[in-house]
Amino acid sequence: MTFIPLKNNPEESGRILKNARTVTIFTLFSRILGAARDLVIAHVFGAGWVTDAFVQAFTIPNVLRRLTAEGSMTLAFLPLYTEIRERKDPEAAKKFAAKTLGLVLSATTILTGLGILFSPQLVYLFAAGFASSPEKYDLTVLLTRVMFPYLIFVSLVAWAMGVLNAEGRFAAPAAAPILLNIGIIGAAFGISPLLEEPMIGIGIGVLLGGIAQILIQIPSLRKVGQSFKPQNFLNDENIQRLLKLLGPSLLGVAVYQINIIVLRNLASFMPTGQVTHYYNASRLSELTLGVFAFAITSAGFPELSQHTASENWEKIRNTLRFTMSTTLLVIFPASVGLAVVAEPIVSMLY
């Protein structure tokens, strides 16, 4: 495979591809473990109403984390962090990161409290079809309440990813999702058999995996000199700039997440097990996007942010052209190949 090098800057193209390779390796391993996780859940619980309840409950904090942290917050935070580091000094950038940590922790804690309180209403928003089955609806509400604190953990992970990616470190953030899958698989065998409602054990596994995802970031954060202690973010000029940038970022991310809410709601009216089947199919169909596109954009975004901070528009155009062409070069044949072998893959896995 031949990649299109950056015009007049092969060093940067090599750096992007090297970092993308690191992210790809860890993400691919995570996806394999994720498939194993889904197989374990299918083996232990089957594709019935209990698994449907878990899928819908797990969707709620995941949609919110993409809106508040992994999506909009990261898109707004990383360029601003890079600008402060380049135009002022690294210490000012680290103080900004610590204040952003305070903002993320405060906002997600409040959201989690509200989410737990209004879980019945949220479940109805995401899965109105479950209302016709009180047992399924009640379990979905319970699982939502159990797993909602995951929003806090994964948002902290997203914050750490923004800092580390800006500092050119990609391994720890890319490896973090592996621990979530390990937590869920371990809970399926070690916690679920001990509980009256075994699926609650999977919810606990999600929380344990979320905590492990945070812990794996701490050594890398220390290496770049970033404190994990949140600072007061009120009345801070850069935090106010960050909040202004969140609007456009949130709007862009929200389109896809609204689509997920609508599709999951429609699926909830289908026969028992269809929510799980749809979830498994979505996971497989997003394989190429989740592995290759995510890797290339994760590696390219810090470079774009640095060029933006220095207002080097020629480098911005070249980097954008390179990342887009490389993504298309990889993802198009991979997507076609996945579509061609979809039936044997599904038959083999499920």
Log10 I(q)/I(0) at q = 0.09, 0.18 Å⁻¹ for segment 1-152, from Debye over equal alpha-carbon scatterers, is -0.48, -1.13
Length gained if residue 260 through residue 32 is fully extended, taking 0.36 nm per residue and subtracting the Cα-Cα distance, is 79.8 nm
Whole-Hz Karplus couplings 3J(HN,Hα) for segment 170-178, θ = phi - 60° and coefficients 6.51, -1.76, 1.60, Gly and Pro as x, run 10, 5, 4, x, 6, 7, 4, x, 4
Scalar couplings 3J(HN,Hα) for segment 24-37 by Karplus 6.51 cos²θ - 1.76 cosθ + 1.60 (θ = phi - 60°), nearest whole Hz, x for Gly and Pro, are 4, 4, 5, 5, 5, 5, 4, 5, 5, 5, x, 5, 5, 4
For segment 89-128, the Cα convex hull volume per residue in Å³ comes to 54 Å³
Diffing segment 186-202: the Karplus 3J(HN,Hα) column from phi (6.51, -1.76, 1.60, θ = phi - 60°), in whole Hz with x for Gly and Pro, holds x, 5, 4, 9, x, 10, 3, x, 8, 9, 5, 10, x, 5, 4, x, 5
Taking the alpha-carbon centre of each part, the distance from segment 211-262 to segment 294-325 in Å is 20 Å
Projected onto their principal axes, the Cα atoms of the chain stretch, largest extent first, over whole-Å spans of 59, 50, 34
Per GNM of the chain with C-alpha springs under 10 angstrom, the most fluctuating residue out of 29, 332, 301 is 332
Quick numbers on segment 83-203, Rg and Dmax over C-alpha atoms in Å, give 18.7, 58
Exposure proxy check on 95, 315: fewest-to-most Cβ neighbours within 10 Å is 95, 315
Extension length gain for residue 218 and residue 347 (0.36 nm per residue less Cα distance), in nm, is 42.4 nm
Exposure-ranked with fewest Cβ neighbours within 10 Å first, 237, 196, 83, 135 stand as 196, 237, 135, 83
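Over segment 225-310, what number does the Rg to Rh ratio reach, with both radii from the alpha-carbon atoms and Rh per Kirkwood?
That ratio is 1.12, to two decimals.
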Length gained, residue 227-residue 171, 0.36 nm per residue minus C-alpha separation, equals 18.3 nm
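The numbers here are math on the coordinates, done by the rules we state, and not lab data. Please read all numbers here as calculations on a predicted model, not as lab measurements. No Cβ is skipped: glycine too gets one built from the backbone with ideal geometry, and neighbour counts run over all protein chains shown.
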